[in-house]
Amino acid sequence: KGRVSEFELQTGTGASRFHAEETKSLAGEINSAPLPRGIYVFTSRLRVNGEVIEEREPEALVVTGRAPMEKVAGDTLEQGLDLALERTIDFTDPADPHPWFETDHKGPIPAGRWGTNYYHTVEPALIVERNGLKYRTTRPVERAQFSYRVEFAHPGDWYLLALEYPDDAERWIGVSCNADRTPEHLRRAKPGESYSASSKCGPAIWTGGKYPNTGKMLEMKWIYRPDPGGHSINVMSLMKDTEAAAARLKIYHVSGRLSELDAGGLPAMKQRRFGMVTERTYPWVNGIYNLFSSFDSGKVALRGDKGAGNYTNNAIVDWCEHLRLLEDAAGHYAEYMRFAGQNLHAMGCFQYGDDNTASQY
């Protein structure tokens, strides 16, 4: 009986003492600093003389932290990375073991059916040998592509991918890395059947035009974080009435973390400074075109309309799983930003209409 002047909170890291302020509210600090990075559940009960007089609803608690990363000058993309070649896909070798298919993208897409797939597959592979270079091309149609299926040995780890391409003509060459849209899916596509693309990244290169051709085989490199299961690596033409071309793809596993760019360590034009753009920031919008699909490493079921995996009958468990996935993706996104030398995150506030805005997502 009487006014409570102070109480003690028992936590996994020890007791925290709370005291009464002049406002008659109890205030204090929770000794949570030693907690390892992760998702926790915070529960609280108020006892007087050993009797529980109030118990609050459990709340999720996210503990994050700054990941240790080696700082490098960054004169090359791979500087500071511990790389091991995991596999090579040779687009020019008919005996390459990776399954593939090709489309010229000539199937009709009726008005109002955006995202509905009508695939028109074509064969054989077009292998070109010219001026000492050997490479494969798509058909000379915008958005024509050839796709190879691959599984990564270490899903959730970082990878460096290197595309060898010919610099002997004007082309716009794009690569889409899709986590749940493999050639097996595409071969069975039927009119009216739709697949979620879940493109985790989409680097591109422009050769020729205002960039004089070298007549050599060059490399385009990028960082990728794969999901478990099959992936489709799609080489596609982004230029009207022009083919895309590439010789092979080398896949390197990165052991450990990425390296951090020492901004200012070299002149800006000599460092690996680059930015990125995503269509949305919300994590679950069909699992596509957003930060979450690029930097998470969950199975396909953990993305898209289903949200954070299989639901349980416990709301706090579902919410903690949701936060675990988001914290994992956000942590890797922050690591990637430090790798690229980014220190600015701009978020759009209006897109297409009032029902498709950043405030909603």
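Here are the numbers for the structure shown:
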| read-out | value |
| --- | --- |
| Residue match in segment 89-98 (condition: in contact (Cβ under 8 Å) with a residue 60 or more places away in the chain, in a strand (DSSP E or B), among the hydrophobic types (A, V, I, L, M, F, W, C) and in contact with a Phe, Trp or Tyr (Cβ under 8 Å, 6 or more places away or on another chain)) | yes |
| Count of residues meeting criterion [out of contact with any helix residue (DSSP H, G or I) (no Cβ under 9 Å at 6 or more places or on another chain), over 30 Å from Gly80 (Cβ atoms) and not in a strand (DSSP E or B)] in segment 119-178 | 17 |
| Enumeration of residues in segment 57-81 that are more than 30 Å from Cys320 (Cβ to Cβ) and surrounded by 15 or more Cβ atoms within 10 Å (Cβ to Cβ) | Val72, Ala73, Gly74, Leu77, Glu78, Gly80, Leu81 |
| Index of the failed condition, Ile39 passing every other in (1) at pLDDT 85 or above; (2) exposed (fewer than 15 other Cβ atoms within 10 Å of the Cβ) | (2) |
| Unmet criterion (only one of (1) at pLDDT below 80; (2) out of contact with any Phe, Trp or Tyr (no Cβ under 7 Å at 6 or more places or on another chain); (3) closer than 22 Å to His154 by Cα; (4) not charged (D, E, K, R)) for Ala358 | (3) |
| First in segment 332-361 and under 30 Å from Asp75 (Cα atoms) and in a helix (DSSP H, G or I), second anywhere and at pLDDT 85 or above and among the β-branched types (Val, Ile, Thr), Cβ under 9 Å, 6 or more apart | Tyr336/Ile223; Phe339/Ile223; Ala340/Ile223 |
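The values are calculated or read from the model by the stated rules, or taken from the named source; none is laboratory data. Computed from a predicted model, the values in this text were never measured in an experiment. Reconstructed Cβ throughout: ideal geometry from the backbone, glycine too, with neighbour counts over all protein chains shown.
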